[in-house]
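Every read-out reported here was derived from the displayed coordinates using simple, explicitly stated rules and does not represent laboratory data. Keep in mind that this is a model prediction, so the values were computed, not measured. Quick reminder, even Gly has a Cβ in these numbers, built from the backbone with ideal geometry, and neighbours come from all protein chains shown.
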Amino acid sequence: MFKLENPYALRRGRVAKVIKETENIYTFYIETEEQARPGQYNMLYAFGMGEAPITIASMEGEYLVHTVRAVGDVTRHIDELKEGEILYYRGPYGNTWDIERAHKGELLIISGGLGLAATRWVFEQAKTHHIKRLIHIYGSKDYHSLLYRYLYEHWHSYSEFYITLERPDPRWNGRVGLVTDLLREIELKEDTVVFTCGPDPMVKACVSLLENKGIKVYNIYASLERHMKCSLGTCGHCMIGPYFVCKDGPIFRYDLIREYFERKEV
Amino acid sequence: MEVKGEDEGSNYLIDLDSLVELFGILSQRYRVWAPKVKDGVIRYMPTSSFGELALGYRNIELPGYYELKKEEGYFTYTHPVNSLKELLHPPELPLMRVVKQSSELLFDYTMPNGERLCLFDVRACDLWALEVLDRVFIKNNPKPDPYYKSLRDNLFTVGVNCSYATSTCFCTTMGTGPEVRGGYDLLLTELKEGFLLQVGSEEGREVIGPLKKRRAEERHLQEKENIIKRTEGMMQKDFHRQEARERLYGRMDETYWEPVGKRCLACTNCTQVCPTCFCFDMVEKNGLSESYRVRAWDSCFSPSFATLHRFNLRQSIHSRYRQWLMHKFAYWVDQFGTYGCVGCGRCITWCPVGIDVRQEVRRIVQA
Amino acid sequence: MKVNIEALTRVEGEGGLEVRLKDGRVEELKLRIYEPPRFIEGILRGKPYHVIPDITSRICGICPVAYQMSGVLAIEDAFGVQVPEDIERIRRLMYCGEWIQSHALHVFFLHLPDFYRVPSVIELSKMDRELVLAGMDIKRAGSLIIQLLGGRTSHPVSLQAGGFSGLPETLEGLKEDLEEALEKSLWASKRLKPLNFPSFELELPYLSLVEEEYPVMGRELHFEGKTIRAEEFKEHFMETEVAYSNAKHGLTRKGKAYLVGPLARFNNAYEKLSPMALDLARELGLEPPMNNPYKSLLVRMVEVVHALERAINLVENYTKPERTKVDFLPREGEGYGATEAPRGVLWHHYRFSPEGKITYADIVPPTSQNQRAMELSLIRFIESLDELTERKILEGAEPMIRNFDPCISCATHFLKVKVHV
Amino acid sequence: MKVGVFKFSSCDGCQLAFFELERELLELSERFQIEYFLEASSENRWERFDIAFVEGSISTHDEEERIVRIRESSKYLVAIGACAVSGGIQSARNYENFEELFRRVYEKPLGYGISRLSRPLSDFVKVDLEVRGCPISKDALREILLSHLYNKSPNLPSYPLCLECKRKLNTCVVVAHRQVCLGPITVAGCGALCPSYGRGCYGCYGPVEKPNLEALLEGYKGLMPSENIKELLRLGFNAYNPNIRVML
Ligand SMILES: Cc1cc2nc3c(=O)[nH]c(=O)nc-3n(C[C@H](O)[C@H](O)[C@H](O)COP(=O)(O)OP(=O)(O)OC[C@H]3O[C@@H](n4cnc5c(N)ncnc54)[C@H](O)[C@@H]3O)c2cc1C
Ligand code: SF4
Ligand code: SF4
Ligand code: SF4
């Protein structure tokens, strides 16, 4: 009998750096030997609380980058981690953005709120791919919630990077409005490939707009969020139609999930 | 499912004394679980002697109804009320113990013990259910589950062909029975003259080595065929499963599901008694300085099952029923290349308000 | 002078005490039970008989088994149900569990802090951890019995008219726990012996059940040398309402106070105690007549030892009955049931319609029977004080009340003390 | 952390859960200071409480005022048990003629500020956490106390009793023994005690959120007339639970 690896086994990673993004969102740089790909996620563990799936926002050298918003038990405790402390996690899980699809073409990324964490890495990698036009629309609730401010300059340097805030702010002289408002204004080619991650309603609204613009639904990819307990395709919580978001996703070609995603209570 | 060799030399006829002897050999080699009568029902339970077996009983099952009667013969009932999921995917299984020592955590992963276990008297539907679970947890899973596997690897199964089907049985509809076609180490069929004993594995062959037995003859095998045919005849074909599956995908609209949503209690019973429903929750059981991570049965009918941002995506009961039925009869095939239902009928019998999944499939598909 | 204890503490339920003093004498003393009435008897009316054990147990979370058992006996009395001996033995075992856990709770958690002059068991554990832990283990042993037989310690679920809805196959491991508790009880009792028990004598008639063994349940009561049948209870005793309290007062028909509970049982049935309990009583210097309520603490320990010894015996002989419950049909009739709750006689009386609906319900709990006795003791205690100061009264009144282990939840079906001078 | 334990109309059974903790009570008492707990201590201080555990239903005018004072003094208010969460057995009276009921038990005139209805705390104040059960289990109490130490939300079930019943590998008493069981619409947490002891659940943990009562009445028709099941619910200690009172 061969011994199986225990997929529930947790690994330790030292927190090398912590960046405070907003009041309740922190970015952690974790020392790791892991290999991962953009779009994948890890299960982060907090003692006595349980686990939460968290996107790998990026890999910088030996550092895993995680951005965590404290909303509940696990995430609140993760956010209390200090430099030098240990994060316990397992992963990476899930699939990756199919960036090859955009090879020599146009790539549009749409990120809503914390969804930016899921698109950041592929966006960074897109720089090194042969992509003719790289557009990134990032919608944030308000000025407070803006993530990764320290990266915008760099992002601007190689892409059309737009930010829109839902709520105006005296410190903000950029765009105010919904992601869809911004999207409406942008000229897109019909074979543009779209990557998106954000709240379900935002994704739905963007897709319908993109379709109106003639974009093919099979060129749209969405990274979904669902309740997850195991990340191994066995706990059943994350199912959407025939798919397990944890292992078949979290990224889906939209035409495959549309029937389930757009329907109430599936 | 792999059909282990069924060459001529593997068919024997044994009498009652030999059957008793066989049980004795099994109990010496393994810890044995077998059907016994408890609380007025037949259950798989640890069994140490032949006399404890639920032989000579008949289970009468209807939607939301169960009754036991005495019956002439031995293997005169169908499957027990509990399923083998109980053993391989226990209701509460601690996956690890975590101890906090200052700021460090120590993890102690406790694999279930690898004791050899014999399941005596497993019917076709339940053997299929094992195959289904195998695919979910190991065979079709890129990250096979070692907890499940360590329990699974230690099973020795003695299958039994059903000579009777109760009104809730529909294995023929799901294509899983009543004939046991594989996945067993030994297989029994109760005949007029005795018991047909067939060997399905090397281990099975070894076990029956010392047993007093004789070669089965053609007429014995013929009788077995007849019994299976007769049992098949006791079940009606409820629907064409493949056709049903295809049509179900076109029946996602809530209007199809609302009628059953009105009748369903969302009590979770169907998912719990089902031999293949695998959904679970991870529960942290905390003490002052240690914490256990426990895998515990959950259900898509639970009110917090599909919670996103403190909100259950499936608020209505009919949407939960849809998730369940669609999973069993449609999605599962995409996921694991088999139906999630083996037609055992447990969910029908054990629904406190007697909802019959066959009827619901038919209603929805025909609508 | 007026002394007022707004809320009595370390008793079950809520009540208060109000005392008015004049010229060194108690002019008026009111033990007020302001725990709101919950109308259990009223609610029962018109309901099917089988709800009795579940509902009456909710009168008191500390002695639910007593309520269930008295209720069940009354139902069986009315419908002419005879339970076989094996079921009866298991009932007795369950009852032992209640005595053990309730007595241990009272002795160690509620009463003992008085003798150590600390406010609570938590403080007590800082002074004598070993003793408190022993108390907890004793209590746990009692709880365990009820839990095994009935699912949970408070409001167990299995006890029904005719027997049990279900029972465990075995009671594995229980005997060892009981034996350990027995050892600890003997040890703890010896630790309690040298405590300072104020000398105080209360001479009141004692009422308890009488049966072949030390009384737990039965059809007859023992009072002032007479035997009274359960159905004659109301011919000899009455419940009266007093304006200041939500609990009724139990008195003899002649209007006299009497006492139920451990002292009553001890005095009426001393010779029926188990051998170890008798030895312990002797060692503690207890023998009837025991009229000092303070020493009820020790008597409770004697009863704990008795109950443990009895329980061990019953556990040793435990086998799950073939049928855990006998079948019966309801019929029109009247039934009485009385058992010895930890705090004393608990009497139930019902009348049923032909379909088994309750047409009349009357429950007399021990605490209401003891209320008058408590008031008398308080008056005696206060008048015997050398110094009639508010502080002295306040200091002594509550411990005096606690001697009686009053269960106010039962009685409303108490503790603030007010003293007027 | 400062803890207060309070009692209203009830049987004391839920408070007992503190004593049931036994040894753990002593360990936990190092982290929690019990400031007010009449049944446990003769020294009680009413200042500010980090956690107030409240047992019992509100059934007198006096109690209505006291619960408001407790709320004002407490950061986190926990309703413990069927009385506090749903009105308790005494709320069965909410469905009866109160004057008559009173006369059945007492001869003295109506009064004493006793309310006609026995009501849950949530009818009067904001409740931060409801702990089900008649009585609550010590495990639930331990989970709440530990959760405060861990700074997490307590993990108390919201799923129906049937799930727990099956996790305990019980045989369903409805199907196998034709007993009425309220398990399908009752919240889990007790350990499925009644079915484990061969009888149907009588609902002491109270209804799940949005119980499908209609379906239950319809489905159990062969076992018991609807009116009797409703009566069972009215006597199930949770009759006045907001999730069910409108249906009774
Ligand atoms: C594939 C995937 C990737 C993800 N990536 C990220 C990521 O990169 N960063 C990130 O921060 N999150 C991410 N999430 C979301 C994250 O997993 C959840 O927020 C997290 O599981 C919550 O766990 P918890 O224990 O902290 O909350 P729980 O205590 O379990 O809370 C339960 C639910 O309630 C919500 N919730 C809790 N408190 C509040 C509140 N006060 N207000 C509103 N809702 C609340 C939570 O979102 C959660 O859904 C991802 C999810 C998925 C599925
Ligand atoms: S869905 Fe029902 S019939 Fe099918 S396998 Fe599960 S319990 Fe058996
Ligand atoms: S016995 Fe009751 S709680 Fe258990 S499964 Fe049946 S209906 Fe549900
Ligand atoms: S089964 Fe129901 S009635 Fe029985 S203890 Fe549990 S919740 Fe209460």
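Just list whichever of D:K2/D:K126; C:K254/D:K7; C:K190/C:K272; A:K229/B:K262; D:K7/D:K75; C:K47/D:K221 have alpha carbons separated by over 27 Å in the model shown. C:K254/D:K7; A:K229/B:K262, as the Cα separations exceed 27 Å there. Using bins of 10 Å that start at zero, the share of Cα-Cα pairs per bin across segment B:1-136 amounts to 9, 30, 33, 16, 7, 3, 1, in whole %.
For segment C:126-140, the Karplus equation 6.51 cos²θ - 1.76 cosθ + 1.60, evaluated at θ = phi - 60°, returns couplings of 6, 8, 9, 4, 4, 5, 5, 4, 4, x, 5, 5, 5, 4, 4 Hz by residue, with Gly and Pro reported as x.
A convex hull fitted around the alpha carbon atoms of segment D:2-149 yields 110 Å³ per residue.
Taking N as the number of residues in segment B:224-307, what value does Rg over Cα atoms divided by 2.2 N^0.38 Å take?
Relative to the 2.2 N^0.38 Å estimate, segment B:224-307 comes out at 1.68.
Rounded to the nearest 20 debye, the dipole magnitude of segment C:241-315 is 420 debye, with +1 charges on Lys and Arg beta carbons, -1 on Asp and Glu beta carbons, and the Cα centre as origin.
Shown here for segment A:137-210: GluC sites (Glu not before Pro) in loop regions (DSSP other than H, G, I, E, B) with at most 13 other Cβ atoms within 10 Å, namely A:E187, A:E190.
Report, in listed order, any pair from A:K204/D:K210; B:K36/D:K138; B:K100/C:K139; C:K2/C:K30; B:K36/C:K320 with a Cα-Cα distance greater than 23 Å. Over 23 Å apart, Cα to Cα: A:K204/D:K210; B:K36/D:K138; B:K100/C:K139. Taking 12 Å as the straight-line reach from the Cα of B:K212, the aspartates and glutamates in range (excluding those fewer than 8 positions away in the same chain) are B:D15, B:D17, B:E21.
For segment A:11-93, what class follows from the C-alpha gyration tensor (a ≥ b ≥ c being the square roots of its eigenvalues): rounded when a/c is under 1.5, otherwise prolate if a/b is larger than b/c, else oblate?
Taking the square roots of the gyration eigenvalues as a ≥ b ≥ c, segment A:11-93 is rounded.
In chain C, taking the dipole from charged Cβ atoms about the Cα centre, the farthest positive-side position among C:I5, C:L44, C:C407 is held by C:I5.
Here is the list for segment B:265-319: trypsin sites (Lys or Arg not before Pro) lying in DSSP coil, each with at most 10 other C-beta atoms within 10 angstrom of its C-beta, are B:R310. Kirkwood radius for segment A:99-261, taken over all pairs of different Cα atoms as the inverse mean of 1/r, rounds to 16.3 Å. Only helices enter this figure: runs of n ≥ 4 DSSP H residues, each worth -39500 (n - 2.57), summed and divided by the residues of chain B, yield -8500 deg cm²/dmol at 222 nm to the nearest 500. The shape of segment C:204-278 can be summarised by an equivalent ellipsoid whose semi-axes, obtained from the alpha carbon gyration tensor, come to 26, 14, 10 Å from longest to shortest. Only helical runs count toward this figure. For chain C, summing -39,500 (n - 2.57) over DSSP H runs of n ≥ 4 and dividing by all residues gives -13000 deg cm²/dmol at 222 nm. Can you tell me how chain D classifies by the Cα gyration tensor, rounded, prolate or oblate, using a/c under 1.5 as the rounded cut? Oblate, since a/c reaches 1.5 and b/c is not below a/b. Geometric descriptor of segment C:16-420, per residue, is 126 Å³ (volume of the convex hull of the Cα atoms).
So what is the relative contact order for segment D:102-248, in percent, with contacts set as C-alpha pairs under 8 Å and at least six apart?
With pairs under 8 Å counted, the relative contact order is 20 percent.
Let me check against my output: what whole-number percent is the relative contact order of chain A, with C-alpha pairs under 8 Å and at least 6 apart?
It comes to 17 percent, rounded to a whole number.
Pairs over the 32 Å Cα-Cα cut-off, from the set C:K325/D:K230; C:K126/C:K248; C:K175/D:K230; C:K234/C:K295; B:K69/B:K192: C:K126/C:K248; C:K175/D:K230.
Counting only DSSP H runs of at least 4 residues, each contributing -39500 (n - 2.57), and dividing by the residue count of chain D, the helix-based mean residue ellipticity at 222 nm comes to -8500 deg cm²/dmol. Its relative contact order, with pairs defined as Cα atoms under 8 Å and 6+ residues apart, puts chain B at 22 percent. Taking the centroid of alpha carbons for each part, segment D:86-145 and segment D:170-185 are 28 Å apart. Rounded to two decimals, the Cα radius of gyration of chain B over 2.2 N^0.38 Å is 1.04.
Which residues make up the longest stretch of chain B clear of GluC sites (Glu not before Pro) that lie in a DSSP loop with no more than 16 other Cβ atoms within 10 Å, not counting the sites? Longest run free of exposed loop sites: B:218-367. Bridgeable lysines around A:K132 (alpha carbons under 20 Å apart, same-chain partners fewer than 8 residues away excluded): A:K104, A:K189, A:K213, A:K216. Note on segment A:99-261: with charges restricted to the Cβ of Lys and Arg (+1) and Asp and Glu (-1), its dipole about the Cα centre is near 220 debye.
Given the alpha-carbon gyration tensor of the protein assembly as shown, what are the semi-axes of its equivalent ellipsoid in whole angstrom, ordered largest first, with each equal to the square root of 5 times an eigenvalue? Working shown, then result.
Numbers: eigenvalues 692, 350, 153 Å².
Values for the protein assembly as shown, descending: 59, 42, 28 Å.
From the square roots a ≥ b ≥ c of the eigenvalues of the alpha-carbon gyration tensor of segment D:161-245, which class results: rounded (a/c under 1.5), prolate (a/b over b/c), or oblate? Oblate shape, in that a/c is at least 1.5 and b/c is the bigger or equal ratio. Projecting the Cα atoms of D:G56, D:S122, D:W46 onto the charge dipole of segment D:2-149, computed from C-beta unit charges around the Cα centre, puts D:S122 farthest toward the positive end. Only aspartates and glutamates eight or more places from C:K226 in sequence, or on another chain, were considered; those with a Cα closer than 17 Å are C:E211, C:E212, C:E235.
Segment D:214-247 and segment C:320-387 have Cα centres lying 30 Å from one another. The trypsin sites (Lys or Arg not before Pro) of segment C:289-329 meeting both criteria, a DSSP state outside H, G, I, E and B (loop) and at most 13 other C-beta atoms within 10 angstrom of the site's C-beta, are C:R323. Each part reduced to its alpha carbon centroid, segment B:339-367 and segment A:89-134 end up 44 Å apart.
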